[in-house]
Amino acid sequence: MDSYTVLYGVIGDPIRHSKSPVMLNRAFREAGINGAYAAFHVTPDKLGEAIAGIRALGFRGLNVTIPHKIEVMKHLDDIHPGAKAAGAVNTIVNEGGRLIGYNTDGIGYVRSLKEEAEPNLAGRRIVVLGAGGASRGILWALAQENPAKLMLANRTEEKARELAGAFASEFEIEPVAWSDLREACRGADVVINTTSVGMSPNADETPIDPTWLKPGAVASDLIYNPLKTKFVREAEAGGCRGHGGLGMFIYQGAYAFEYWTGQSAPVGVMREAVMASFN
Ligand code: NAP
């Protein structure tokens, strides 16, 4: 670091578990960029001051994580349409003093799905399990790929109907009752778990019976702790193609890096850095 080092960071509460500093500092080093990225523990009552600090110190970029992704929006100068649709911001770009909010979670997930499991989502039948915070941005990003059908099921069924209704003017999402999932999954090319079921320490749980998926279909999970969930493992045993959640984390960071620097992200070393920090 020297007097020209450009600053970046992530804010959240809690934050010390974050792998973003390890991943993005490795990316800056690999790309030969004089940047530094740190994690900042910001509590909700200090959010406005933190954003004012970013402006005053001239940070080029910031990632935003739980619990600030929605609340931060009111402190920004502009919000990208994808972040508006997702209803949350996880990446801020400082364009000469104007703070612009983006959401790279949904598009990061879809880039990971295409790179690692199913390159062509157009014309596919996709079932999304879960209608929580992560689901919204993923549904928007999936819809940009022109799937044949996008179906959404949630344990609390009203929430799935509400979310489908919120997107109704832009694209069609078919709400599916949880009790009808077996049939929906049998006809699906991709089934995505966006619920928290199967996450450590409850790693022996699955959101649905993995044998409902047809052989050759993609079983995808947002969870990356464990790296491969029981849902993905058992679907693979039945002939499905498995896809875990680590790629979503890597690619949401890759998009942030690309928005900040204008260079393509060194995804391979970013993944290596995260994997090494797990070990
Ligand atoms: P969230 O807003 O709390 O939503 C949780 C979802 O899980 C809701 O749809 C909820 O259904 C459902 N759910 C919880 N317990 C359930 C159960 N026993 N049976 C069926 N459904 C259940 O959480 P989120 O922020 O969307 O995150 C969801 C998951 O994605 C988490 O595991 C998180 O770690 C993961 N994630 C990964 C990444 C990544 O980079 N890979 C990024 C973001 C999130 P109800 O509405 O009925 O409660």
Residues located in the stretch 64-80, provided they are in a strand (DSSP E or B) and open to solvent by 10 Å² or more (accessible area, probe 1.4 Å): 78, 79
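Filter the stretch 81-105 down to the residues that are away from the ligand (no atom under 16 Å from the Cβ) and either under 15 Å from residue 248 (Cβ atoms) or surrounded by fewer than 16 Cβ atoms within 10 Å (Cβ to Cβ) (or both) and list them by number. Outline the logic, then answer.
Of the stretch 81-105, the ones away from the ligand (no atom under 16 Å from the Cβ) are 81, 84, 92-101.
Those that are away from the ligand (no atom under 16 Å from the Cβ) and either under 15 Å from residue 248 (Cβ atoms) or surrounded by fewer than 16 Cβ atoms within 10 Å (Cβ to Cβ) (or both): 81, 84, 95, 96, 97, 98.
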Inside the stretch 245-279, the number of residues satisfying the requirement of being within 16 Å of the ligand (Cβ to nearest atom) and either among the polar types (S, T, N, Q) or in contact with a strand residue (DSSP E or B) (Cβ under 6 Å, 6 or more places away or on another chain) (or both) is 4
Failed item, numbered, when residue 242 is tested on (1) farther than 14 Å from residue 27 by Cα; (2) open to solvent by 20 Å² or more (accessible area, probe 1.4 Å); (3) more than 16 Å from the ligand (Cβ to nearest atom): (3)
How many residues are away from the ligand (no atom under 12 Å from the Cβ) and assigned to a loop (DSSP other than H, G, I, E, B) if we restrict to the stretch 106-136? 8
What about residue 150, is it more than 24 Å from residue 253 (Cα to Cα) and either in contact (Cβ under 8 Å) with a residue 40 or more places away in the chain or in a strand (DSSP E or B) (or both)? yes
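Condition check ((1) of a type in the set (S, T, N, Q); (2) in a helix (DSSP H, G or I); (3) touching a strand residue (DSSP E or B) at 6+ places or on another chain (Cβ under 7 Å)) across all residues:
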{"position": "192", "(1), (2), (3)": "no, no, yes"}
{"position": "197", "(1), (2), (3)": "no, no, no"}
{"position": "203", "(1), (2), (3)": "no, no, no"}
{"position": "206", "(1), (2), (3)": "yes, no, no"}
{"position": "219", "(1), (2), (3)": "no, no, yes"}
{"position": "225", "(1), (2), (3)": "yes, no, no"}
{"position": "231", "(1), (2), (3)": "no, yes, yes"}
Residue check, residue 188 open to solvent by less than 10 Å² (accessible area, probe 1.4 Å) and at pLDDT 95 or above: yes
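The values are calculated or read from the model by the stated rules, or taken from the named source; none is laboratory data. None of the values given here were measured: they were computed from a predicted structure. Quick reminder, even Gly has a Cβ in these numbers, built from the backbone with ideal geometry, and neighbours come from all protein chains shown. Please note that ligands, DNA and RNA were not included when accessible areas were found on the heavy atoms of the full protein model with its side chains. Shrake-Rupley method; radii C 1.70, N 1.55, O 1.52, S 1.80 Å.
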